[in-house]
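Remarks on the structure that follows.
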Amino acid sequence: MILTLAPGGDIATLVRDAAADGAESIVVVIAPGADPLAAALSRAAVGPLAVEHAPGVRINAVAPGATTAPDVVASAAAFLDNARSTTGQILELR
């Protein structure tokens, strides 16, 4: 399941709701343009959320830059969604 975290959104709530819905893999796209502190907190939460939901749910994230092409973001998210042995990782795209 690929989800987009809107600026000002709460990554923990987003992930926990998706996990409660039965998602096996959750990839959060952290939208560019978010407040730098909020973006840093979202990135910092990926690892602990992955530990919290392991082994039943894999949690990963994609953090695109402001100029990253949408197809690159979609490819990175699809890669993580299908990477069965990967959890707690963030792909930083520039």
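Some points to look at:
- Shown here: Rg and Dmax of the Cα atoms in Å, derived from the displayed model; of the candidates [x] 14.4, 48; [y] 11.7, 32; [z] 12.0, 34, it corresponds to [z].
- Within the accessible area of the chain (1.4 Å probe), percent carbon and sulfur: 60 percent
- Farthest towards the positive end of the charge dipole of the stretch 33-94, among the residues T86, A39, A74, is the Cα of T86, using unit charges on the Cβ of Lys, Arg, Asp and Glu.
- Looking at the stretch 1-67, the accessible area is 48 square angstrom per residue; that uses a 1.4 Å probe and ignores ligands, DNA and RNA.
- Given charges at beta-carbon only (K, R positive; D, E negative), |dipole| of the chain in Debye: 200 debye
- Rounded to the nearest Hz, the phi-derived 3J(HN,Hα) couplings of the stretch 39-53 under the Karplus curve 6.51 cos²θ - 1.76 cosθ + 1.60 (θ = phi - 60°) are 5, 5, 5, 5, 5, 5, 7, 4, x, x, 5, 5, 5, 4, 9, where x marks glycine and proline.
- When you filter the trypsin sites (Lys or Arg not before Pro) in the stretch 1-69 for DSSP loop state and at most 12 other Cβ atoms inside 10 Å of their Cβ, nothing is left.
The values are calculated or read from the model by the stated rules, or taken from the named source; none is laboratory data. On a predicted model such as this, the values are computed, not experimentally measured, just so you know. Don't worry about glycine lacking a Cβ; one is built from the backbone with ideal geometry, like all the others, and counts go over all protein chains shown. Calculation scope for accessible area: heavy atoms of the full protein, side chains included, ligands and nucleic acids excluded. Shrake-Rupley method; radii C 1.70, N 1.55, O 1.52, S 1.80 Å.
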